[in-house]
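Q: I'd like to ask you about the structure that follows.
Computed from the coordinates by the stated procedures, all read-outs in this text should not be read as laboratory data. These numbers come from a predicted model, not from an experiment. Cβ: placed from backbone, ideal geometry, glycine included. Neighbour counts: every protein chain shown.
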Amino acid sequence: MKKLTTATILATSLAMAYPAQAATKVVVGPVVQEAPLRAHLDFLSSDLVEGRGTGQRGGQLAVKYLETQALAIGLKPANGNSFLQPVKIAGVKALPAQSSVTVVAGGQPLPLAFGTDWVWAPGDAQPVHELDYELVFAGYGITAPEEGGWDDFKGLDCKDKVLVVMVNDPMPTEAEPNRFNGKGLTYYGRWTYKFEEAARRNCAGVLLIHTTPSASYGWSVVQNSWMGERFQLSERELGTGLQGWITDDTAKKLFAASGFDLDKLRAAAEDKSFKPVPLGARIKGETRAEVRKLDEFNVAGIVPGTDPKLKDELVIYSAHWDHLGKNGDGKDNIYNGAVDNASGSAALLAMAQEAVRAPAKRSQMFLWVAAEEQGLLGSAAYASSPLWPAAKTAADLNLDSLNWIGLVEDVGIQGSERTELNAMAVATAKKMKLVPAPAHPDLSGGYFRSDHFSFAKAGIPAFSVGGGHAWVKDVEANNAKSKAYGPRYHQVTDEYDPAWDLSGMVQQAQFTLNLGQAIANAPKMPAWKAGDPFGKARATSN
């Protein structure tokens with residue numbers, strides 16, 4: 001639990017009223033200052049803001065703070081005369097005790113306990129659904145023409161069908177070591193893609209088969225996410241009427257009762273010749289859910305460009321303002337989210353304060369998005385209804401969970417290799433005497449799990465700037481600090497400590513601003529590398 005002090009409030013106000021650098025000091029380019037960054041971080045992660053929860057009072061306070069600070073800094077409203085972009089959201093909580101759902105296989109109902117054996121909720125924000133649907137095993141649930149014509153559906157009419165599919169994507173083989181990005185996960189492997197593809201095909205629903213290796217997390221993560229209130233966009237990109245997960249043991253029992261061996265079907269689904277398999281089982285009954293509609297808000301401010309022509313193009317810096325809010329009845333029930341992601345939100349404010357003093361040729365947007373923790377909802381809403389044309393948006397540089405430990409010699413630019421941003425990022429790092437952090441296979445699909453991905457899907461070159469781990473000093477102690485954060489992630493113990501050395505956070509923010517300015521001053525907008533699937537959206541938007 002983090003207390004807010006009078007000194008913090010005063011420091012925040014002074015940071016805005018009296019810039020840290022003296023008026024007589026000559027500075028080449030904008031220089032991010034630690035004092036305002038620290039003050040914003042302290043405030044946004046304090047108990048007063050109650051963990052910045054979606055649909056909670058703390059979230060409203062965070063939005064108001066960001067809105068007033070954007071005005072004080074000198075940003076221009078990005079949405080007409082407003083800094084706010086409404087994000088229409090539905091809060092959905094399954095009501096299993098009031099529902100009567102049965103899976104019938106082999107002529108017999110299977111005893112399934114909500115939470116233990118499976119979880120489900122409506123994906124279309126509707127409170128009641130009548131079910132009487134056939135279950136069909138659809139392999140990985142993927143359609144990927146560029147992967148040799150991969151199609152797990154092969155003409156299946158999905159109307160009145162509930163798909164049972166695997167998470168992750170097909171494994172590499174000796175003959176095809178690079179299919180579906182080899183060991184790395186593609187977006188086709190993400191559970192969100194499975195739900196989206198099923199909705200595109202007008203399916204009645206989807207049940208994902210959970211295994212810890214394929215999901216990269218245990219069943220408890222699924223339970224925690226699906227047994228309380230979940231949030232989804234309520235006016236666009238609606239899902240199927242039924243979305244859920246089943247445990248691996250439950251799936252094996254279901255398939256066995258239907259006369260099938262799940263492991264044999266899994267093996268068959270590793271080949272692109274696989275065809276959907278009707279299980280001869282049905283899901284019947286009625287699901288009920290508690291649904292509430294609410295408006296959350298993205299906060300967006302503009303630094304207008306200086307070039308008569310290039311000012312019509314834009315560079316976006318983004319960070320999500322939300323965390324998990326107040327939850328539970330414990331003595332400390334505030335999930336302060338200091339690192340995740342008060343750090344990114346505070347950094348954007350500190351960066352914007354300097355950017356308004358040294359504008360670039362292209363315009364720049366500082367964008368704080370809502371409901372990232374609920375599935376990238378705020379950034380998805382922005383990408384669907386952008387405040388600036390996507391075709392004229394050069395890039396999105398995203399900040400999430402910044403370096404709170406100390407100075408580093410490297411910077412994380414993984415994901416930039418998909419576009420010409422990579423060369424610009426390497427050049428920016430070199431100027432700052434930094435090196436790119438070593439790239440690793442993206443086994444858990446990290447590129448698809450942060451807000452930059454919403455922009456990438458819209459064709460905008462985008463990645464999240466990482467903090468690096470090559471510590472300048474105190475290597476052993478800093479490695480220990482980094483490792484110790486793991487148990488604090490998404491816990492009430494992710495709190496701000498005034499003793500933190502924020503030099504590394506300032507460094508990360510400065511790199512991001514330097515790279516953004518380089519993009520904003522470049523002769524042309526960066527392009528996607530040839531063959532990257534997200535480049536298609538850019539091509540169609542031009």
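Q: Rank the residues 271, 329 as a footprinting-exposure proxy: fewest other Cβ atoms within 10 Å of their Cβ go first.
A: In increasing order of surrounding Cβ atoms, one gets 329, 271.
Q: Rg(Cα) of the chain divided by 2.2 N^0.38 Å?
A: 1.00
Q: What list of ³J(HN,Hα) values in whole Hz, one per residue of the range 118-123 in order, does the Karplus curve 6.51 cos²θ - 1.76 cosθ + 1.60 (θ = phi - 60°) give from phi, with Gly and Pro shown as x?
A: Computed from phi, the couplings for the range 118-123 are 7, 9, 7, 6, x, x Hz.
Q: Something else: Return the long-range amide H neighbours of residue 464 (sequence gap of 5 or more, or a different chain), with a cut-off of under 5 Å between placed amide H atoms.
A: Excluding prolines and chain starts, which carry no amide H, the hits are 398.
Q: What does DSSP give for the range 92-291 in terms of the percent of beta bridges that are antiparallel, rounded to the nearest 5?
A: Expressed as a percentage, antiparallel bridges in the range 92-291 total about 65.
Q: Quick one: Debye curve from the alpha-carbon atoms of the range 92-291 only, equal weights, vacuum; give me log10 I(q)/I(0) at q = 0.11, 0.14, 0.17 Å⁻¹ to two decimals.
A: At q = 0.11, 0.14, 0.17 Å⁻¹ the computed log10 ratios are -0.47, -0.78, -1.17.
Q: Here is the link list: 293/331; 76/311; 159/194. Which ones come out longer than 20 Å on Cα distance?
A: Over 20 Å apart, Cα to Cα: 293/331.
Q: Taking +1 at the Cβ of each Lys and Arg and -1 at the Cβ of each Asp and Glu, which of 336, 224, 303 sits farthest along the dipole of the chain towards its positive end, judged by Cα position relative to the Cα centre?
A: 303
Q: Could you let me know the centre-to-centre spacing of the range 358-406 and the range 44-103, using Cα atoms, in angstrom?
A: 16
Q: What net charge is computed for the residues neighbouring residue 312, neighbours being all others with C-beta under 12 Å from the C-beta of residue 312, Lys and Arg scored +1, Asp and Glu -1?
A: +3
Q: Let me ask something else about it. Relative to the first principal axis of the alpha-carbon coordinates of the chain, what is the inclination of helix 343-355, with its axis defined by its Cα atoms, in degrees from 0 to 90 and to the nearest 10?
A: Its long axis makes an angle of about 40 degrees.
Q: Starting at the first residue of the range 249-258, write each ³J(HN,Hα) from the Karplus equation 6.51 cos²θ - 1.76 cosθ + 1.60 with θ = phi - 60°, in whole Hz, x for Gly and Pro.
A: 4, 5, 4, 4, 5, 4, 5, 5, 5, 8
Q: Any chance you could run the full-extension gain for residue 68 through residue 178? It's 0.36 nm times the residue separation minus the Cα-Cα distance, nm to one decimal.
A: Taking 0.36 nm per residue and subtracting the Cα distance, the gain is 34.7 nm.
Q: For the range 243-322, run through the GluC sites (Glu not before Pro) and keep only the ones in DSSP coil with at most 14 other Cβ atoms within 10 Å of their Cβ.
A: Here the sparse-neighbourhood loop sites are 270.
Q: Report, in listed order, any pair from 93/161; 161/264; 252/272 with a Cα-Cα distance greater than 26 Å.
A: none
Q: Give the range of the longest stretch in the chain that excludes all trypsin sites (Lys or Arg not before Pro) found in loop regions by DSSP and having at most 16 other beta-carbon atoms within 10 Å.
A: In short, 26-153.
Q: Run the quick spin-label model on residue 333 and residue 423: label points 7 Å from Cα toward the beta carbon, then report their separation in nm to one decimal.
A: Spacing of the two 7 Å Cα→Cβ label points: 5.5 nm.
Q: Shifting gears a bit: Once the other residues with Cβ under 11 Å from the Cβ of residue 269 are scored (Lys, Arg +1; Asp, Glu -1), what is the net sum?
A: Net of charged neighbours comes to -1.
Q: Give me, ordered by chain and number, the residues 5 or more places off residue 298 or on other chains with an amide H under 5 Å from its own placed amide H.
A: Sorted by chain and number, the residues that satisfy this are 85, 87, 370.
Q: Could you check the spin-label model distance between residue 477 and residue 211? Points 7 Å from the Cα along Cα→Cβ, value in nm.
A: 4.5
Q: Would you mind computing, in nm to one decimal, how far apart the modelled labels at residue 385 and residue 306 are, each placed 7 Å from Cα along Cα→Cβ?
A: About 3.5 nm separates the two model spin labels.
Q: Still on this structure: Karplus couplings for the range 165-175 from phi (6.51 cos²θ - 1.76 cosθ + 1.60, θ = phi - 60°), rounded to Hz, Gly and Pro as x?
A: 9, 8, 8, 6, 9, x, 6, x, 10, 4, 6
Q: Amide H neighbours of residue 315 under 5 Å, at least 5 residues apart or on other chains, H built in the peptide plane: list them.
A: Amide H to amide H, under 5 Å and 5 or more residues apart or across chains, residue 315 pairs with 363, 364, 365, 394.
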